[in-house]
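Student: Questions regarding the structure given below will be posed in turn.
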Amino acid sequence: MAGYIIALDQGTTSSRTMIFSPEGQVVASARRDVPQIYPRSGWVEHDPFALLNTQIQSLKEAFENSGLKSTDIAAVAVTNQRETTVVWDKITGEPVCNAVVWQCRRTAPVCDRLCADGLGDLIKAKTGLLPDAYFSGTKIKWILDTVPGAREKAQKGQLLFGTVDSWLIWNLTGVHATDHSNASRTMLMDIHNLRWDGELCEILDVPANMLPEIRNGSGSFGKIKKIKGIEALEGIAVLGCVGDQQAALFGQGCFSAGQAKNTYGTGCFTLLNTGDIPVASESGLLTSVGWVLGGKPTYVLEGSVFNGGSVIQWLRDGLKIIDAASECDALAATVTDNGGVHFVPAFTGMGAPYWDMEARGVLCGITRGTERGHIARAALEGVAFQVADLIDAMKKDAGIDLRTLRVDGGASASGLLLQMQADILGVDVDRPVNIETTAAGAAYMAGLAAGIFTDTDEIEKLRNTDKVFRPAMAAGEAQLKLDQWHKAVERAILK
Ligand code: ADP
């Protein structure tokens, strides 16, 4: 029966494929690691063909393992690490250099110049972003300014730009397109009229002819060509395209204004659906397009915590007080409270609402009575407090009162972390059975376009809750804990 959807999830560390049944169940999956290239301190690259080939290999394996026939597959969807930039030759398909990864800081001086030239406000007003090296715009400029001959070729219309979604789709179907969620992270799209912006292209020296067409994420992105290894999938339509964080919000069923999700991965990504209003943040959060469905845009406010699950990794690899991340809860449960210990995990600075890249970690309140358990508990609390600060900023910016936080990501396995989150925020924290929400979100987008689902109400019903963590702490106590946390943060902030 044709009704299965293949989701390609091209992430920073791995390329994964998940195949979903029409009922939203994962029936097969496969993954391949992506080699990281660090040519200099602060620089991060990927080989574009490694991204493509690992994706195709995982697709081949997942499809073979599923036991499905090609006639069972209704559509393919693509979700991806956002902002990572590829520039390639339109005729030969050869990238002019490695992909410049979102984490790469090489264009920080370009961003400093944009700010010094007083362009920060214009960029924020049009794109919802703060000038930062994360976003693709300055990465394209860097490639055209630095790779010999690239600018001349671009001016002659011989080069194409794409974020990873476009690079994969162009290779799979021959269509040069992207969707609004990915385009809104390039610093080149006006999020109000949903089009590439001529003025921004001029400011960043990016010829408009190299940009992909912006299409609705739930819609046609062409049909898969005959490709070695996956010949059986020739002719299947790519009907979904969405950046990873927006895909997770969609996969969590956060379709209405006021719904939010947090992903507890290495870092944490919090997204709040603000409906058809692009809310401008006063606290350094970003405004992006979530998706465009039926011609109507849904906007999001986005914030990130640099160090989330990485704190647990540090307890394991740095401090060596646990052997595995999964032991953190048991260690933290050996004590009943943090014993006055606070842990601000500012290993690499602090993001919104503090924005201090020079900040460094602080472990404070230690006494002779401090045990390893207190440190483990303070580490989990430090993650929950950072997310609470982000959500507090979002609530202020959007004037929205959050009722439930939907959660996913590797560290959402920690029940103690999620209970603390519920206690501190005073809202329910809801963890679904399927925490692979990114792939699910992309699959649902394609499923809507394929007619497998009629609307988002139907998709909402596919989400099953594993556990709801309800607030069990008096509001006064939660506020006291937050006040203590903020005192600890003051010690971490250097500026
Ligand atoms: P990413 O996609 O960023 O690589 P994942 O979503 O796979 O991250 O989550 C990995 C993170 O989750 C790691 O930092 C790890 O420390 C943390 N983690 C995994 N299991 C647990 C657990 N049981 N308790 C706390 N943290 C955990």
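Student: Going by Cα centres, the range 46-68 and the range 135-214 are how many Å apart?
Tutor: 25
Student: How many times 2.2 N^0.38 Å is the alpha carbon radius of gyration of the chain?
Tutor: Details: Rg = 22.3 Å, N = 495, 2.2 N^0.38 = 23.2 Å.
Computed over Cα atoms of the chain, the ratio equals 0.96.
Student: Given charges of +1 on the Cβ of Lys and Arg and -1 on the Cβ of Asp and Glu, with all other atoms neutral, how large is the dipole of the range 4-244 about its Cα centre, in debye to the nearest 20? Intermediate results must be reported in sequence, preceding the final value.
Tutor: Working: 25 positive and 28 negative charges, 64 e Å.
Dipole magnitude for the range 4-244 comes out near 300 debye.
Student: What list of ³J(HN,Hα) values in whole Hz, one per residue of the range 75-86 in order, does the Karplus curve 6.51 cos²θ - 1.76 cosθ + 1.60 (θ = phi - 60°) give from phi, with Gly and Pro shown as x?
Tutor: 6, 10, 10, 10, 10, 7, 4, 8, 6, 4, 10, 10
Student: Relative contact order, percent, of the range 144-262 when contacts are C-alpha pairs under 8 Å separated by at least 6 residues?
Tutor: Value for the range 144-262: 24 percent.
Student: Taking the dipole about the Cα centre of the chain, with the C-beta of Lys and Arg at +1 and of Asp and Glu at -1, give me whichever of PHE469, THR85, GLY295 is farthest to the positive side.
Tutor: Of PHE469, THR85, GLY295, it is THR85.
Student: Considering Cα pairs under 8 angstrom that are at least six residues apart, work out the relative contact order of the range 4-244 and quote it in whole percent.
Tutor: Relative contact order for the range 4-244 comes out at 20 percent.
Student: In degrees between 0 and 90, to the nearest 10, how far off the longest principal axis of the chain does helix 415-425 point, with axes built from Cα atoms?
Tutor: 80
Student: Sticking with this structure for a sec: At a probe size of 1.4 Å, how large is the accessible area of ASP33, to the nearest 10 Å²?
Tutor: Accessible area of ASP33: about 110 Å².
Student: For ILE37, which sequence-distant residues (separation of 5 or more, or a different chain) have an amide H within less than 5 Å of its own amide H, given hydrogens modelled in the peptide plane?
Tutor: The list, which skips near neighbours in sequence, is GLU45.
Student: Turning to a different aspect of this structure: Towards the positive end of the charge dipole of the range 225-308, with charges on Cβ (+1 Lys, Arg; -1 Asp, Glu), say which of ALA232, VAL279, ASN307 has the farthest Cα.
Tutor: Working it through, the farthest residue towards the positive pole turns out to be ALA232.
Student: About the Cα centre of the chain, how large is the charge dipole given +1 on each Lys and Arg Cβ and -1 on each Asp and Glu Cβ? Please answer in debye to the nearest 20.
Tutor: 640
Student: Given H placed 1.01 Å from N in the peptide plane, which residues other than close sequence neighbours of ARG82 have an amide H under 5 Å from its amide H?
Tutor: Residues meeting the criterion, in which the H sits 1.01 Å from N, are ASP244.
Student: What accessible area per residue comes out for the chain, rounded to a whole number of Å², with a 1.4 Å probe?
Tutor: 39
Student: Shifting gears a bit: Show me, for the range 33-46, the HN-Hα J-couplings you get by feeding each phi into the Karplus relation (A = 6.51, B = -1.76, C = 1.60, θ = phi - 60°), rounded to Hz, glycine and proline as x.
Tutor: 6, 10, x, 9, 10, 10, x, 8, 4, x, 9, 9, 10, 10
Student: Would you grab the residues whose amide H sits under 5 Å from the one on CYS104? Only those 5+ places off in sequence or on another chain, please, with H modelled 1.01 Å from N.
Tutor: Hits under the 5 Å cutoff: VAL44.
Student: Next question, about the same structure. Quick check: the angle from helix 136-146's long axis to the longest principal axis of the chain, C-alpha only, nearest 10 degrees?
Tutor: Tilt relative to the chain: about 60 degrees.
Student: Relative to the longest principal Cα axis of the chain, at what angle does helix 48-66 sit, 0 to 90 degrees, rounded to 10?
Tutor: Computed tilt is about 80 degrees.
Student: Go through the range 238-333 and name the trypsin sites (Lys or Arg not before Pro) that are in a DSSP coil and have 15 or fewer other Cβ atoms within 10 Å of their Cβ.
Tutor: Counting only loop positions with at most 15 other Cβ atoms within 10 Å, the trypsin sites (Lys or Arg not before Pro) in the range 238-333 are LYS320.
Student: Now for a separate question. Over the range 4-244, with every protein chain in place, what whole percent of the accessible area is carbon and sulfur at 1.4 Å, could you tell me?
Tutor: Details: 4370 of 8940 Å².
Carbon plus sulfur share of accessible area: 49 percent.
Student: Still on this model: Which percent, nearest 5, of DSSP beta bridges in the chain are antiparallel?
Tutor: Roughly 70 percent of the DSSP beta bridges within the chain come out antiparallel.
Student: Determine the alpha carbon to alpha carbon distance for each of LYS69/LYS228; LYS225/LYS461; LYS139/LYS487 and list only those over 26 Å.
Tutor: The answer is LYS225/LYS461; LYS139/LYS487.
Student: Here is a follow-up. Can you tell me which lysines have their Cα less than 18 Å from the Cα of LYS467? Leave out same-chain residues fewer than eight positions away.
Tutor: LYS261
Student: Next question, about the same structure. Apply the Karplus curve 6.51 cos²θ - 1.76 cosθ + 1.60, θ = phi - 60°, to the phi angles in the range 95-105 and return the couplings in whole Hz, x for Gly and Pro.
Tutor: Ordered by residue, 3J(HN,Hα) equals x, 7, 6, 5, 5, 8, 7, 3, 6, 5, 9 Hz.
Student: Another one. Could you work out the relative contact order of the chain? I mean the mean sequence separation of Cα pairs under 8 Å and 6+ apart, divided by the number of residues, in percent. Could you put the intermediate results ahead of the total?
Tutor: Working: 1138 pairs, mean separation 69.3, N = 495.
The value is 14 percent.
Student: Next question, about the same structure. Hey, any idea what % of the range 255-380's accessible area is carbon plus sulfur with a 1.4 Å probe?
Tutor: Reported share for carbon and sulfur atoms: 53 percent.
Student: Still on this model: Rounded to two decimals, what ratio of Rg to Rh does the range 4-244 give with C-alpha atoms and a Kirkwood Rh?
Tutor: Radius of gyration relative to Kirkwood radius: 0.98.
The values are calculated or read from the model by the stated rules, or taken from the named source; none is laboratory data. Since we're looking at a predicted model, the values are computed, not measured. Virtual Cβ from ideal backbone geometry, glycine too; neighbours counted across all protein chains shown. Areas reflect the complete protein model, heavy atoms only, side chains present, ligands, DNA and RNA absent. Shrake-Rupley method; radii C 1.70, N 1.55, O 1.52, S 1.80 Å.
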